[in-house]
Amino acid sequence: MTLFDTPAAPPAMLHGELTADGKTIVLIGVGPDAAIAHMAVQVQLMTPLIKPSNPPGALTLPATWAAVVQLAHLFGSAWRPGPRLTEWLMAETMRRTPDGGDLSVELPEGLTPRPYQVEGARMIGAVGRGLLFDEPGTGKTITTILGLLERAAQGHQVTPAVVLAPMSVVDPWIEAWQTWAPQWRVNAWRGSPEQRRRLAARSPEQQADVLVSSYDTAARDSAKGGLLTRVGPRTIVVDECHLIKTPHSARSMAARRLAKRADNFVGLSGTPITHHPGDLWPVLEAMAPLAWPSGERWKARYCSTIPGDYSAKVVGLNPYAEAEMRMTLQGQHRRVAKADVLQQLPPKVYSVRQVELPPPYRKAYDQMEQDMIAELPGGEELSVMSVLAQLTRLQQLASAAADVTVTTEVVEEDGLQVERPHVQVVLKAPSWKVDALLEVLAERPGEPVVAFAPSRQLMQLAGEQATKAGLQVGYIMGGQSAKDRTATTDAFQGGKLDLLCVTTGAGGVGLTLTAARTVVFLQRPWSLVEAAQAEDRCHRIGSEIHDSIEVIDVVATKTIDTRIRAVLHEKAGQLADLLQDKRIVTELLGGSTLRKA
């Protein structure tokens, strides 16, 4: 060093230590003031809630695994955890990387879980708060039950547990608990407010160990002081957790509210996002509220966005922060694909049957697409006032003929009485898509077939035409009681029905339809979740009796059907990136936009 050299400034270091109660990390910067100020700015960009210490001089944040991972990624070698925090980190690392082995619990005679279910159960037993993203049809319900049994066997308080699920799967959840954990008392949380009040008022000795509730009922009963909160749940299970993706919806707020007060949490979904990675935040907050208290901060850190009209639009994961994001979830989530763990399942075989619109209906369809108004062959005019309505009408016109009734209703706007037209469209024969379905049935005499579409009208029309052809038909289209739904499913599985007509909204979850070797989509829904879940009603444990599962799409040429398939491919790409499984997009719809049967 010469007389004119300037000594290098000592590097700034960030020291962190765990408080004696193990709940808070205290951060103290050491080094030049400018460097410490820069560190403070970087810390404020983390996802946990950062607060100044009292007395001043340091920053504090909740002690979470995600917080320590972010600190390590932000500051690298400048990060110095103290002795107590280092010991906590070592214990947490061990907890999140459990060794293989058997379960501690004794199961009912004759029941043997699959190895991957044992692995998932051990994860839940170790961490207590986790996510199961296993592919539909792999038995996530059983994995969850086994995991909570294992958690309890390790000495943790697990009951009372509350399962939140779509209404259609409340009874299947109860049946699964009774089968795999008969020693635990289980009740459905439903009925009148008075019936639920009596359930909540039971003494601890009489209270059920597990309560299974629909989302809607839980939303009503989960407010502060609500009936469900009086039970004091120690565990919350959220089935089909992608359904809580909208942060301000009643079901999302109810699930997160209950989860924050519970010791244990399990979120289940084979399709955890429906549009983009930003959909994941609500379930992450439910799992670890101190780590992920803000959706905006999570998206800003881990998602790539572009400006939108009202808010930033998420277009994917931020590639520069993806490694950090995955490390924050280490040991708390699991994904297995059927192809990897259920090799005995038959392959899916995809094909497309293209149908042509009859010339008069082709003209009506083209008019609707270009002008948002169409003249039907009967002389009626069908118009729309919005793009959303136009998409619905295009799906209808691509499927069947229709009768249109226009009535006028008077509504009040800005204190004035305004007449608004109300358009009712009723699908009718002929339906070129239903004709294609009948051809499929005729080609497979004696074989049960499942038909799907988002349109209830189209499913009713298909069932009516099949009945006229002498076939036995059942329906699952929503609005049915759990008893009727189960009876219809049992009849189909028992070989008493030739055709089961199912709407994708009502039949996407809670159904096992493995008696069918053939699945026909008369329409695909816009929702990737509904499209994927519908296929897996037939392709799941129990379908080993078939050589293959045939999935046939009936597609009207040069219509919105092709556009829907393209949108599904785009959404599948987002899901594939998140779950790091390219097969999700390469195998969707058979890996091809169109392929003739």
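Scanning region 87-109 finds one or more residues that are touching a strand residue (DSSP E or B) at 6+ places or on another chain (Cβ under 9 Å) and either assigned by TED's automatic domain parsing to the domain that holds S269 or surrounded by 13 or more Cβ atoms within 10 Å (Cβ to Cβ) (or both). Just checking, does region 228-243 include any residue being acidic (D, E), within 19 Å of the chain's Cα centre (by Cα), surrounded by fewer than 19 Cβ atoms within 10 Å (Cβ to Cβ) and under 30 Å from K571 (Cβ atoms)? The answer is no; no qualifying residue exists. In this structure, is G128 in the same structural domain as P289 (by TED's automatic domain parsing) and under 21 Å from the mean Cα position of the chain (by Cα)? Yes. Filtering region 1-33 to residues that are at pLDDT 90 or above and of a type in the set (G, A, S) leaves G16, A20, G22, G29, G31. Kindly establish whether D498 is at pLDDT 90 or above and surrounded by fewer than 17 Cβ atoms within 10 Å (Cβ to Cβ). The answer is no for D498. Annotation note: Cβ proximity below 7 Å between a residue of region 28-54 that is outside the structural domain of W292 (by TED's automatic domain parsing) and a residue that is β-branched (V, I, T) and in a loop (DSSP other than H, G, I, E, B) (sequence gap 6+ or interchain) occurs for V43/I50; Q44/I50; P48/T64.
Any residue that is over 30 Å from the mean Cα position of the chain (by Cα) and more than 20 Å from P182 (Cβ to Cβ) - is there at least one of those in region 146-161? Walk me through it before giving the result.
Pass one, region 146-161, residues over 30 Å from the mean Cα position of the chain (by Cα): 155.
Restricting the remaining residues to those that are more than 20 Å from P182 (Cβ to Cβ) gives 155.
Yes - at least one qualifying residue is present in region 146-161.
Taking residues in region 380-401 that are modelled with pLDDT under 70, and partners anywhere that are part of a helix (DSSP H, G or I), the pairs with Cβ atoms closer than 7 Å and at least 6 places apart or on different chains are L382/M368; L382/R393; V384/Q390; V384/R393. Taking the criterion of being within 24 Å of L284 (Cβ to Cβ), assigned to a loop (DSSP other than H, G, I, E, B) and not small (G, A, S), the residues of region 17-73 that qualify are K23, L45, M46, T47, P48, L49, I50, T64.
Take the conditions modelled with pLDDT under 95 and of a type in the set (G, A, S) and apply them to G128. Does it pass? When the stated conditions are applied, G128 does not pass them. Residues of region 536-590 that are in a loop (DSSP other than H, G, I, E, B), surrounded by fewer than 19 Cβ atoms within 10 Å (Cβ to Cβ) and polar (S, T, N, Q): S548, T557, Q580. Select from region 88-105 the residues that are without any contact (Cβ under 8 Å) to a residue 24 or more places away in the chain and part of a helix (DSSP H, G or I) and write down the one among them that is nearest to I28 (Cα to Cα). Among them, the one singled out is L89.
Checking the condition under 30 Å from I584 (Cα atoms), at pLDDT 95 or above, in contact with a Gly (Cβ under 7 Å, 6 or more places away or on another chain) and not assigned by TED's automatic domain parsing to the domain that holds H242, which residue from F521, F492 passes?
Working: F521 fails: in contact with a Gly (Cβ under 7 Å, 6 or more places away or on another chain).
Being under 30 Å from I584 (Cα atoms), at pLDDT 95 or above, in contact with a Gly (Cβ under 7 Å, 6 or more places away or on another chain) and not assigned by TED's automatic domain parsing to the domain that holds H242 holds for just one of F521, F492, which is F492.
Taken together, T229, T217 contain a single residue that is assigned by TED's automatic domain parsing to the domain that holds Q178, closer than 29 Å to E135 by Cβ and not basic (K, R), which is T217. Of everything in region 270-283 that is in contact with a Leu (Cβ under 8 Å, 6 or more places away or on another chain) and over 20 Å from R234 (Cβ atoms), the residue that is surrounded by the most Cβ atoms within 10 Å (Cβ to Cβ) is L280. Just for region 466-487: of the residues that are at pLDDT 90 or above and among the β-branched types (V, I, T), which one is surrounded by the fewest Cβ atoms within 10 Å (Cβ to Cβ)? Filtering first and then ranking leaves T467.
Any idea which of T486, T514, T467 is in the same structural domain as I564 (by TED's automatic domain parsing) and part of a loop (DSSP other than H, G, I, E, B)? Steps first, answer last, please.
On the way: T486 fails: part of a loop (DSSP other than H, G, I, E, B); T467 fails: part of a loop (DSSP other than H, G, I, E, B).
From the options T486, T514, T467, the qualifying one is T514.
Restricting to region 220-241, name every residue that is in a helix (DSSP H, G or I) and out of contact with any Leu (no Cβ under 9 Å at 6 or more places or on another chain).
We begin by selecting, within region 220-241, every residue in a helix (DSSP H, G or I); these are 220-221, 227-230, 241.
The one that is in a helix (DSSP H, G or I) and out of contact with any Leu (no Cβ under 9 Å at 6 or more places or on another chain): R230.
Taking the condition in contact (Cβ under 8 Å) with a residue 40 or more places away in the chain, over 21 Å from the mean Cα position of the chain (by Cα) and within 23 Å of R251 (Cα to Cα), does R301 pass? It is false that R301 is in contact (Cβ under 8 Å) with a residue 40 or more places away in the chain, over 21 Å from the mean Cα position of the chain (by Cα) and within 23 Å of R251 (Cα to Cα). Of all residues in region 285-297, those that are in a helix (DSSP H, G or I), touching a residue at least 60 places away in the same chain (Cβ under 8 Å) and surrounded by fewer than 23 Cβ atoms within 10 Å (Cβ to Cβ) total 1. Residues in region 309-340 that are in a helix (DSSP H, G or I), in contact (Cβ under 8 Å) with a residue 60 or more places away in the chain and basic (K, R): K338 alone. If the condition is being within 21 Å of G510 (Cβ to Cβ), hydrophobic (A, V, I, L, M, F, W, C) and part of a helix (DSSP H, G or I), then region 173-215 contributes W173, I174, A176, W177, W180. S214 meets all of the listed conditions (1) within 22 Å of the chain's Cα centre (by Cα); (2) within 19 Å of R261 (Cβ to Cβ); (3) of a type in the set (G, A, S) but one, namely (2). When you look at L258, is it within 20 Å of T143 (Cβ to Cβ) and touching a residue at least 24 places away in the same chain (Cβ under 8 Å), yes or no? It is false that L258 is within 20 Å of T143 (Cβ to Cβ) and touching a residue at least 24 places away in the same chain (Cβ under 8 Å).
The values are calculated or read from the model by the stated rules, or taken from the named source; none is laboratory data. Small disclaimer: the values here were computed from a predicted structure and weren't measured. Don't worry about glycine lacking a Cβ; one is built from the backbone with ideal geometry, like all the others, and counts go over all protein chains shown.
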